[in-house]
């Protein structure tokens, strides 16, 4: 069960972008496990991928295809990650692209392949290629919700987000789906996100925007600090709205577009955290007063990754000593502990190197009893600030990850 | 219960070093919680302390006293860490030193104070100062085992190690105790280790040796990646053996001494891991074939800290995909995945970027069913190697850390 309610919103169709979903029987029967997406001719496509050196075969192939041609189709299978599969994995990913290219009378490098699921087992290529015609036949601009289900693995709910906004008098739409039950459990090859817009965006500019918003959304969430071999985030701009093409980052229109895109992607990222494995809390870690952004992130992630803080959150225990100790070991050069202030929501818990004089355990307990908690840390040494989102560490996390393969 | 058997060995007394232990009623009654150690005049003393910026008041005071005078007494209390206690914490630590100095007709800066226990609560100074006379009265060169119990907090067993060896025809003794139920849970202000030897070692050389062996022992173990505000490791060299004073690191005698010291300290460190919170496995992570030591350590600690690998270890699941993914995200520049080979004990599980051809799940399962497991990673790009020791992540870890304060 996710933390709080994750509603699947109304998904505004994006002109020029269709989605088709089917049951291909890849690993389990009776489950939507194959999704095909079609981008209209003239679309620009940008993507970011996992930094993991052991990236999966489809990730490698995606990068090559993106460099060679403008993508027209995306094919996503669940149940098998096609990772740790050596040379055969590469051949299998190419086979899927060729099969879809044949069906649609395109070249194989106009197809981007994606896989998510178990690592190290051969991709069931035949099940996928046999499922492709049905997925293609069901392509529709209203296919978002089916596709959101089709890309799920350990997710307990489908995740979508959609925006419509006016830029310079023209209406544009941005709609997206994501899967990922927390960052990141490599077996499940975890995070996939697909966003489409009818805005027209020049390709290099789109790539710049994608990298930037990924850095402020998917790269700001963590459940367990592990990162996957298959993470992929793709944005397709079909250009079918009336809005003139965005050409440079500094324009007012680009600013409005990036703000909307970031807001949508942050919504998807936060939904992943809320659906994090075993999560019972949704925790915002906000670091202010840092000398620079990297320092703020170092402190925020040290707190967000600490198993001791995460187990205390699970226990609803306002154990401020653990937060203080995590801040102290985050590697901030010449940190003055006298200048550090900690809050749980609006309750000041630590100042001047020790427990805040006016703090009472009852105040901290009241915050900890909530499902949504903000840990705020002011380092008192600068103007930089960063925010990350995470969960607690529960018995269910151990159970899910100890028993996943059984 | 620790992983494997942790025997408390025969502790050879060290001439010129005595230990006294008492029940001072600091937090719980009926518990040995105050230890005093006496170093004969002429002893040299060296120490390393936590790198945590939020270090506890006694740690700060220890550093100052070490810079000012040759220590003659060490005072250790459990039950309260005197950390996160602001200006009052400093005053309280000074009061303990003054009280022991008065009792022993010395100066306060000849006393080193240590505290371990709950963070953020005022040190019960009166209980400690009232307990000091009894601890001093019980000082004895045979006091090691009582002292090993007296410094325990969440430890389930007392930890000691002792060596006697011949250097240049003279017999010397090295004996030590440690507490720490895994690295590192800040509330319990965790790792304390005290080692004494009757060797004579010049002070700066001793400091160099202490830093070096700490780096190859206590800094190579991890249970949960958290580090404490109070960690301290002290070595006292009384010089009462017949062996000539060690003056330089490069001498043969120094080499023999450091080897013995390192072996003893590694034994203490490994006992901490075996007694790690909720541990059911003792895991050695060995990285070979790295370009340099730092790269080997980065990979080893990424594997040792991964919650996904640790939960798989708890489940005795030979989930090699998680190990492979952790190696891939360890930040090694231009890692060639084709060159990486992974073993569980002697079983090769991954080679050439995928599952080893001759590997069978039954082989991996047989290793995983053991209590002691070695994960060996050959990066295939150099000659550097490093080893770290860790545990699994169990339900008991979550329970212990979620319920600690209740």
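For this structure, a couple of remarks:
- Ordered by the count of other Cβ atoms within 10 Å of each Cβ, fewest first, A:179, A:291 give A:291, A:179.
- Considering only A:247, A:37, A:11, the Gaussian network model of chain A with Cα springs below 10 Å gives its largest mean-square fluctuation to A:247.
- The stretch A:17-274, Cα convex hull volume normalised per residue, Å³: 107 Å³
- Here the relative contact order of the stretch B:1-72, from alpha carbon pairs under 8 Å that lie six or more residues apart, stands at 23 percent.
- Length-normalised contact order of chain A in % [C-alpha pairs under 8 Å, at least 6 apart]: 18 percent
- Inter-chain neighbour count for B:302-310: the average number of beta-carbon atoms from partner chains within 10 Å of each residue's beta-carbon is 5.
- Structure remark: mean-square fluctuation, Gaussian network model of chain B, C-alpha springs under 10 Å; the largest value among B:149, B:65, B:395 belongs to B:395.
- Taking the longest Cα principal axis of chain A as reference, the axis of helix A:86-104 is set at about 50 degrees.
- Residues of the stretch A:1-41 with an amide N closer than 17 Å to a point placed 7 Å from the Cα of residue A:88 along the Cα-to-Cβ direction: A:27.
- The stretch A:345-406-the stretch B:235-258 distance, computed between alpha-carbon centres (Å): 48 Å
- Among the residues of B:311-321, the average count of other protein chain beta-carbon atoms within 10 Å of the residue beta-carbon is 6.
- Pairwise label distance in nanometres, residue A:165 with residue B:212, each label 7 Å out on the Cα-Cβ vector: 6.1 nm
- The mean sequence distance of close C-alpha pairs (under 8 Å, at least 6 residues apart), as a share of the length of the stretch A:282-403, puts its relative contact order at 47 percent.
- When the Cα gyration tensor is reduced to axis lengths a ≥ b ≥ c, the ratio a/c is 1.5 or higher for the stretch A:282-403, and with a/b not above b/c it is classed as oblate.
- Here the Debye sum runs over all C-alpha atoms of the stretch B:307-358 as equal scatterers in vacuum, and log10 of I(q)/I(0) at q = 0.28, 0.32 Å⁻¹ comes out as -1.16, -1.28.
- Nearest-ten-degree value, helix A:57-68 long axis tilted from longest Cα axis of chain A: 70 degrees
- Rounded to the nearest 0.05, the FRET efficiency derived from the C-beta distance between residue B:399 and residue A:346 at R0 = 35 Å is 0.70.
- Cβ neighbours within 10 Å from other chains - mean over B:337-344: 1
- Computed FRET value (nearest 0.05) for residue A:383 with residue B:293, which takes r as the C-beta separation and R₀ as 41 Å: 0.65
- Packing-based exposure ordering (other Cβ within 10 Å, fewest first) of B:374, B:50: B:374, B:50
- Site pair residue A:107 and residue A:263 shows an inter-label distance of 4.0 nm when each label is modelled 7 Å from Cα along Cα→Cβ.
- Rg to Rh quotient for the stretch B:1-98, alpha carbon positions, Kirkwood Rh: 1.00
- Candidates B:36, B:332, B:136: whichever shows maximal mean-square fluctuation once chain B is modelled as a Gaussian network with Cα springs under 10 Å: B:332
- Inter-copy label distances at residue B:291 (7 Å, Cα→Cβ; nm, one decimal): 2.7
- FRET efficiency for the pair residue A:134 and residue A:252, taken as 1/(1 + (r/R0)^6) with r the Cβ-Cβ distance and R0 = 51 Å, rounds to 0.70.
- If a spin label sat at a point 7 angstrom from the Cα of residue B:333 along the line to its beta carbon, the backbone N atoms of the stretch B:360-392 nearer than 19 Å would be those of B:379-385.
- Here the sum of -39500 (n - 2.57) over DSSP H runs of 4 or more residues, divided by the residues of the protein assembly as shown, equals -10000 deg cm²/dmol at 222 nm, to the nearest 500.
- Spin-label pair residue A:358-residue A:29: with each label point 7 Å from Cα along the Cα-Cβ axis, the two points sit 6.6 nm from one another.
- Ascending count of other beta-carbon atoms within 10 Å, so fewest first, for B:194, B:359: B:359, B:194
- Gyration tensor (alpha-carbon) shape descriptor, the stretch A:1-54, a/c threshold 1.5: rounded
- Taking the C-alpha atoms only, the angle from helix A:125-137 to the longest principal axis of chain A is near 80 degrees.
- Scaled to the globular estimate 2.2 N^0.38 Å, the Cα spread of the stretch A:59-151, given as radius of gyration, is 1.04.
- The stretch A:243-299: C-alpha gyration tensor shape, a/c 1.5 cut-off, then a/b vs b/c: oblate
- Protection proxy ranking of A:66-74, B:231-239, by the mean of other Cβ atoms within 10 Å over each peptide's residues and highest first, is B:231-239, A:66-74.
- Of every Cα-Cα pair in the protein assembly as shown, the percent that sits beyond 44 Å: 33 percent
Rule-based calculations on the coordinates, nothing more; no lab input. Keep in mind that what you see is a predicted model, and the values were worked out from it rather than measured. Every residue, glycine among them, receives a Cβ derived from its backbone with ideal geometry; neighbour counts consider all protein chains shown.
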